[in-house]
Amino acid sequence: MTVIYEGSCVLEVDGQEVEITKLDVKTLTGRKLVKAMNSQGRAKGYTKGIKEYSITITAVEPTDGTEIDWDNIENSKLTKYPLDNSEKRTSYLGCFSTEVGESYQVDGESLRDIQLHALRKVKE
């Protein structure tokens, strides 16, 4: 039997669909190793910390003027879902941009590289 895997995804920013070529999401758990001097000579535990969500997007730049003002993203909602299953949604809330870059290639489209952080992650 063939297994079908999740492929491309759709990204919405505050309900507006965005054309992207790449989406990277990283979760930092905030946990830290606690090192202590003991007879075993090893760490025995960890502390809990604060989760952080880091999102990197590469978006194409449309010529029709509908480009999102990435520099001023504050308290936004980013929602990601598989191309063929809009019910399997993951949203990132309280998003804000921290870095925006532009990229141009001789044989390619104009791209925007956006670094964002989110305050919460919700599976809908």
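Computed from the coordinates by the stated procedures, all read-outs in this text should not be read as laboratory data. Quick caveat: nothing in here was measured; it's all calculated off a predicted structure. Neighbour counts are summed over all protein chains in view; Cβ atoms, including those assigned to glycine, are modelled from backbone coordinates with ideal geometry.
Suppose a student asked you for the relative contact order of the chain, using Cα pairs under 8 Å spaced at least 6 residues apart; what percent would you report? Mind dumping the intermediate values first?
Working: 256 pairs, mean separation 32.0, N = 124.
Worked out over the chain, it gives 26 percent.
List the pairs from Lys51/Lys77; Lys51/Lys123; Lys35/Lys123; Lys26/Lys123; Lys35/Lys121 whose alpha-carbon separation is above 23 Å, in the order I gave them. Mind dumping the intermediate values first?
Values: Lys51/Lys77 18 Å; Lys51/Lys123 16 Å; Lys35/Lys123 34 Å; Lys26/Lys123 15 Å; Lys35/Lys121 30 Å.
Correct reply: Lys35/Lys123; Lys35/Lys121.
Expressed as a whole number of Å, what is the distance separating the alpha-carbon centroids of the range 1-56 and the range 79-119?
A separation of 16 Å, based on Cα centres.
Quick one: Karplus J couplings for the range 9-25, per residue in order, coefficients 6.51, -1.76, 1.60, θ = phi - 60°, nearest Hz, x for Gly and Pro?
Working through the residues one at a time gives 10, 10, 10, 10, 10, 6, x, 9, 5, 10, 7, 10, 10, 7, 9, 10, 10 Hz.
Count neighbours as other Cβ atoms within 10 Å of each site's Cβ, and list the GluC sites (Glu not before Pro) in the range 21-114 that are DSSP loop with at most 15 such neighbours.
Passing sites in the range 21-114 are Glu67, Glu74, Glu87, Glu109.
Using the Cα centre of the range 30-118 as the reference point, and only Cβ charges (+1 on K/R, -1 on D/E), how large is the resulting charge dipole? Debye, rounded to the nearest 20. List each step's numbers first, then the result.
Numbers: 12 positive and 14 negative charges, 309 e Å.
Dipole of the range 30-118, to the nearest 20 debye: 1480 debye.
Select from Gln105, Gln16, Gln40 the residue whose mean-square fluctuation is largest in a Gaussian network model of the chain (Cα-Cα springs shorter than 10 Å).
Gln40
Test of the criteria: in the range 59-124, which trypsin sites (Lys or Arg not before Pro) are in a DSSP loop and have at most 16 other Cβ atoms within 10 angstrom of their Cβ?
Sites meeting the loop and neighbour criteria: Lys88, Arg89.
Students often forget the sequence filter, so: which aspartates and glutamates lie under 13 Å Cα-Cα from Lys88 once same-chain residues fewer than 8 apart are removed?
Within the straight-line cut-off, Lys88 pairs with Glu6, Glu124.
Positive end of the charge dipole of the range 9-123 (Lys, Arg +1 and Asp, Glu -1 on Cβ, about the Cα centre): tell me which of Gly108, Leu33, Thr63 has its Cα farthest that way.
Leu33
Take the chain, connect every pair of alpha-carbon atoms lying under 10 Å apart with a spring to form a Gaussian network, then pick out the residue of Val34, Val60, Val18 with the largest mean-square fluctuation.
It is Val34.
Does the chain classify as rounded, prolate or oblate by the C-alpha gyration tensor (a ≥ b ≥ c root eigenvalues; a/c under 1.5 gives rounded; else a/b over b/c gives prolate, otherwise oblate)?
It is prolate, given that a/c is not under 1.5 and a/b is the larger ratio.
If neighbour count is taken as other Cβ atoms inside 10 Å, put Asp71, Asp84, Asp107 in order from fewest to most.
Fewest-to-most ranking of Asp71, Asp84, Asp107: Asp107, Asp71, Asp84.
Apply the Karplus curve 6.51 cos²θ - 1.76 cosθ + 1.60, θ = phi - 60°, to the phi angles in the range 33-38 and return the couplings in whole Hz, x for Gly and Pro.
Using θ = phi - 60°, the values come out as 5, 9, 9, 9, 7, 8 Hz.
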